[in-house]
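Chemist: Got a structure for you, written out below as structure tokens; questions coming shortly.
The numbers here are math on the coordinates, done by the rules we state, and not lab data. Bear in mind that the values here come from a model prediction, so they are computed numbers and not experimental data. Cβ atoms come from the backbone with ideal geometry, glycine included; neighbour counts cover every protein chain shown.
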Amino acid sequence: MNIIAVDIGNTNIDVGLFLKDKEEFVRSMPGEAGAELTKLFKSTWQKIPVAKSSKEKKREGVIVVSSVRPAWTRQIQQIARDNLGERIYVIGKNIPLPMTLWVDKPEEVGTDRVLSAAAAYAVVKDAVVVADFGTAVTVDLVSEQGVFLGGVICPGFEASARALKTNTAQLPEVKVARPRGPFGKNTAESINCGLYYSAVGTLEEVIRRYAEKIGRWPQTVITGAAAKIIKDDCGFVDSYVPDLVIKGIVLAYRKYIEQKV
């Protein structure tokens, strides 16, 4: 199975290529980079083999998309149509979500959250917490039966740093990194420590409360661009898995195909 898996986030678009179910690469770029995105899609599509039975030399692959930004979904749809002569399959529209959601309004849950949760549960096969550190931070709980129970949503590092800059007179905007120590020696370091340890502390506290709810400490998986910044100070986390949404996209498509057979 040959798949181009596309994760359209709030800031970036990640594109993963899978040939015969094997991950070849995952590349990320800003969603505003239209020309670069077109170039990436064209070069990635060229790596998919032509179907042996196709006289039109049609390539034997699909483009599957998870998106939280409809405008960028339409952009990818146009790139695929105009440059590749292909359609895209959108998770939650053309392809069903890969797990059951036990929440008030399932249609309001971002597909990226569900896909990350499904990818983690497919490996753990037990209750699991999935935390995604991106533009927003989501910390979601999956039951031992594989049901998405819901979660929490917090601002990510950049949003928090920007809020401090915007809503104060003199505080600078900082780029969060792992601190040199537990307290800052200047204003920028102090902000960095505050944002960094707030994220670590929030994650641990949320997991603790989930554990109290289900009666035991669940396994925890973190993902997202900013997860690698904090992972070394999260001894309570079991796994750091980059590109978990991409893996969930592939999982959802495989499940969809299997159920059609």
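Chemist: Dipole size in debye (nearest 20) for the chain around its Cα centre, Lys and Arg Cβ +1, Asp and Glu Cβ -1? Intermediate values should be presented prior to the final figure.
Modeler: Numbers: 35 positive and 30 negative charges, 177 e Å.
Computed about the Cα centre, the dipole is about 840 debye.
Chemist: Are any of the pairs LYS105/LYS175; LYS22/LYS47; LYS42/LYS260; LYS22/LYS42; LYS93/LYS260; LYS20/LYS255 more than 23 Å apart by Cα-Cα distance, and if so, which?
Modeler: LYS105/LYS175; LYS42/LYS260
Chemist: Step through the residues of region 32-43 one at a time and calculate ³J(HN,Hα) from phi using the Karplus curve (6.51 cos²θ - 1.76 cosθ + 1.60, θ = phi - 60°), rounding each to whole Hz and writing x for Gly and Pro.
Modeler: Rounded to whole hertz, the list is 7, 7, x, 5, 5, 5, 4, 4, 5, 5, 5, 5.
Chemist: I'm spelling it out carefully: the read-out is Cα extents along the principal axes in Å, the candidates are (i) 67, 44, 31; (ii) 46, 43, 34; (iii) 71, 43, 37, and one was derived from this structure. Which label?
Modeler: Comparing each candidate, only (i) matches the computed number.
Chemist: Springs between alpha-carbon pairs under 10 angstrom, Gaussian network model over the chain: which of ALA117, ALA33, ALA127 fluctuates most?
Modeler: ALA33
Chemist: Below 13 angstrom from the Cβ of LYS247, what's the summed charge of the other residues (Lys, Arg +1; Asp, Glu -1)?
Modeler: After counting each charged neighbour, the total is -4.
Chemist: Indicate the gyration tensor shape class of region 187-252 (rounded, prolate or oblate), computed on the Cα atoms with a ≥ b ≥ c the square roots of the eigenvalues: a/c under 1.5 is rounded; otherwise a/b larger than b/c is prolate and the rest oblate. Please list the in-between numbers first.
Modeler: Values: a/c = 2.64, a/b = 1.24, b/c = 2.14.
Since a/c reaches 1.5 but b/c is at least a/b, the shape of region 187-252 is classed as oblate.
Chemist: May I ask you to sort SER160, SER198, SER43 by Cβ crowding, counting other Cβ atoms within 10 Å and putting the fewest first?
Modeler: By the 10 Å Cβ count, ascending, the order reads SER43, SER198, SER160.
Chemist: Return the sequence-ordered ³J(HN,Hα) values of region 99-115 in whole Hz as given by the Karplus equation 6.51 cos²θ - 1.76 cosθ + 1.60 applied to θ = phi - 60°, using x for Gly and Pro.
Modeler: Computed from phi, the couplings for region 99-115 are 8, 6, 10, 10, 9, 5, 10, x, 5, 8, 7, x, 4, 4, 5, 5, 5 Hz.
Chemist: Which FRET efficiency value, to the nearest 0.05, do you get for THR168 and ALA71 by plugging their Cβ-Cβ distance into 1/(1 + (r/R0)^6) with R0 = 45 Å?
Modeler: Numbers: r = 31 Å, r/R0 = 0.70.
That gives a FRET efficiency of 0.90.
Chemist: Right, here's the next one. Sort LEU17, LEU40, LEU115, LEU149 so the one with the fewest other Cβ atoms within 10 Å of its own Cβ comes first.
Modeler: Numbers: LEU17 22, LEU40 19, LEU115 29, LEU149 16.
Ranking LEU17, LEU40, LEU115, LEU149 by Cβ neighbours within 10 Å, fewest first, gives LEU149, LEU40, LEU17, LEU115.
Chemist: Have a look at GLN78, GLY9, PRO49 and report the one farthest towards the positive end of the charge dipole of region 3-90, computed about the Cα centre with Cβ charges (Lys/Arg +1, Asp/Glu -1).
Modeler: Of the candidates, PRO49 comes out farthest on the positive side.
Chemist: Non-local amide H neighbours of GLU86 (under 5 Å, H modeled in plane, Pro and chain starts lacking H): which ones?
Modeler: Result for GLU86 returns ARG81.
Chemist: I would also like to ask the following. Step through the residues of region 139-146 one at a time and calculate ³J(HN,Hα) from phi using the Karplus curve (6.51 cos²θ - 1.76 cosθ + 1.60, θ = phi - 60°), rounding each to whole Hz and writing x for Gly and Pro.
Modeler: Each residue's phi maps through the Karplus curve to give 10, 10, 10, 10, 6, 5, 8, x Hz.
Chemist: Count charges around ALA51 for me, please; just the other residues with Cβ under 11 Å from its Cβ, Lys/Arg as +1, Asp/Glu as -1. Can you show the working numbers first?
Modeler: Details: positive: LYS52, LYS55, LYS57, LYS58, ARG59; negative: GLU56, GLU60.
In short, +3.
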